[in-house]
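Engineer: This structure is in structure tokens; I'll ask about it shortly.
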Amino acid sequence: MVFAIDLPLFQKSARLLEDAQFAFDSGEYGKALLLAEEAKLLRQKEATESLNALNAALHPQEVQSAGDNILDVIAVLQSRDVYDVVNLIEYTTSLHNGAFFNNSIAEIQKHLAAKTIFPEAAHLMAKIYEFEGEYELSYSYYMDAWNHADILDIPESRYDILYDMANLSYNFDDYENCEKALMLIIASDPYYGNDGFTAALTNSVQRGYSADKIFNLYRADCYRSIPAFFRLTELYVEQERYQEAFKMSLFGTLVSFTRMNNFLANRVTEFEYKNLREFFQIAINNYELAEWSMDQGFWRCFYRLADLGSQMFPENEDFAKELLVVIAQTAPENYWRQLAIGKL
């Protein structure tokens, strides 16, 4: 029995989506939308044909008698000379680690059925509609992409979808959905999601720990969360939700500090953290770190932490003062230095 199965799977639809992305980047939005829609339809066709071929090959009683174990099924299919489907199974399993399909043919069937959806295409279509000012259409496509994020070819791109959803919502004054998208990002942060770590970190300020001691004790290296913490800080300040803003600014600053600290530890001979002032003096003398800190908006978040700390924890005034002195002496942008000096 011979089945017409094109391997690698989904290559044609992926290339069509690449063409759509190129058109979008070139400002050809109508063409990009057309190609993205064609890519969605082609992906559905590719997945459906592959699934139909697999189901047909599994239908004979001899194959069904082999059970659900992938290796057992492959052995029977090879004995029946159904090599196209054997190649399909082996190719599909090669794309994931051994535990992904639990050595189950049924799981491969479910996977191929799910792949009829093309979340990457929906994501691009959402961006196109956003550019054209179509908020509701754009948001619906972002949601479509997010709801099928479990079948993304690159799992980490789920966070790109969420960040784009947050930006869209904020730009159209939908602050509730902006917050929801950002919270989904930090919900998977292993440090923020650790109640013990979060409580210890925030309580350390209330207990009177110095800024130097806090940043010596704690590290958090889930770097994808940094923009979410920054954006939530500003969103909560705008809404006068200062306690939540302080927590976000504390995490945003800590994760950014951890990134810069690890960067210096790997690049600077005999580097060792001693205190915040000396740390940032070294950091801003590194062009890459100085540019990164400004581009990311780190100094805004750092200043927010100091300002909110003085409001929320007046009993630990040294914490905020330490931060303001560091900003006043080391911030690469004069704007933040002057703001800090004005608060001292």
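The values are calculated or read from the model by the stated rules, or taken from the named source; none is laboratory data. Just so we're clear, the structure is a prediction, and the values are computed from it rather than from any experiment. Ideal geometry is used to build each Cβ from the backbone, glycine not excepted, and the neighbour counts take in all protein chains shown. To get the accessible areas, we keep the full protein, side chains included, count just its heavy atoms, and leave off ligands, DNA and RNA. Shrake-Rupley method; radii C 1.70, N 1.55, O 1.52, S 1.80 Å.
Engineer: Determine which single condition Asp81 fails, assuming it passes every other condition in (1) out of contact with any Asp or Glu (no Cβ under 9 Å at 6 or more places or on another chain); (2) part of a helix (DSSP H, G or I).
Structural biologist: So Asp81 meets the others, but not (2).
Engineer: Which condition from (1) assigned to a helix (DSSP H, G or I); (2) at positive phi is the one that Asp173 breaks?
Structural biologist: Among (1) assigned to a helix (DSSP H, G or I); (2) at positive phi, Asp173 violates only (1).
Engineer: Turning to a different aspect of this structure: So which residues in segment 148-171 are in contact (Cβ under 8 Å) with a residue 12 or more places away in the chain and more than 19 Å from Pro227 (Cα to Cα), if there are any at all?
Structural biologist: Scanning segment 148-171 gives His148, Ala149, Asp150, Ile151, Leu152, Asp153.
Engineer: Ala149 - would you say it is crowded, with 20+ Cβ neighbours inside 10 Å and of a type in the set (A, V, I, L, M)?
Structural biologist: No.
Engineer: Right, here's the next one. Filter segment 237-274 down to residues that are more than 11 Å from Leu308 (Cα to Cα), open to solvent by 10 Å² or more (accessible area, probe 1.4 Å), of a type outside the set (A, V, I, L, M, F, W, C) and assigned to a helix (DSSP H, G or I), then give me how many there are.
Structural biologist: 6
Engineer: Which of the residues belonging to segment 39-80 are among the β-branched types (Val, Ile, Thr) and buried (at least 16 other Cβ atoms within 10 Å of the Cβ)?
Structural biologist: Once the filter is applied, which keeps residues that are among the β-branched types (Val, Ile, Thr) and buried (at least 16 other Cβ atoms within 10 Å of the Cβ), segment 39-80 yields Val63, Ile70, Val73, Ile74, Val76.
Engineer: Here's something else I'd like to know. Considering only residues that are small (Gly, Ala, Ser) and surrounded by fewer than 23 Cβ atoms within 10 Å (Cβ to Cβ), look in segment 285-299 and name the one that is nearest to Tyr236 (Cα to Cα).
Structural biologist: Across segment 285-299, the extreme among qualifying residues is Gly297.
Engineer: Out of segment 300-338, which residues are in a helix (DSSP H, G or I), closer than 20 Å to Phe229 by Cβ and open to solvent by 60 Å² or more (accessible area, probe 1.4 Å)?
Structural biologist: Residues satisfying the conditions are Arg300, Gln311, Met312.
Engineer: Can you tell me which residue in segment 13-28 is most open to solvent (accessible area, probe 1.4 Å), limited to those that are polar (S, T, N, Q) and part of a helix (DSSP H, G or I)?
Structural biologist: Among those residues, the one meeting the criterion is Gln21.
Engineer: Given the conditions (1) within 24 Å of Gln239 (Cα to Cα); (2) surrounded by fewer than 17 Cβ atoms within 10 Å (Cβ to Cβ), report the number of the one that Glu134 does not fulfil.
Structural biologist: Only one criterion is unmet by Glu134, namely (1).
Engineer: Any residue that is small (Gly, Ala, Ser), in a helix (DSSP H, G or I) and surrounded by 19 or more Cβ atoms within 10 Å (Cβ to Cβ) - is there at least one of those in segment 185-198?
Structural biologist: Checking segment 185-198: not a single residue is small (Gly, Ala, Ser), in a helix (DSSP H, G or I) and surrounded by 19 or more Cβ atoms within 10 Å (Cβ to Cβ).
Engineer: Moving on to the next point. When segment 91-118 is examined, which residues are found to be open to solvent by less than 70 Å² (accessible area, probe 1.4 Å), under 21 Å from Ala145 (Cβ atoms) and not hydroxyl-bearing (Ser, Thr, Tyr)?
Structural biologist: Result: His96, His111, Leu112, Ala113, Ala114, Lys115, Ile117, Phe118.
Engineer: Restricting to segment 199-224, and then to whatever is part of a helix (DSSP H, G or I) and open to solvent by 70 Å² or more (accessible area, probe 1.4 Å), can you tell me which residue is nearest to Phe263 (Cα to Cα)?
Structural biologist: Taking the candidates together, the pick is Tyr223.
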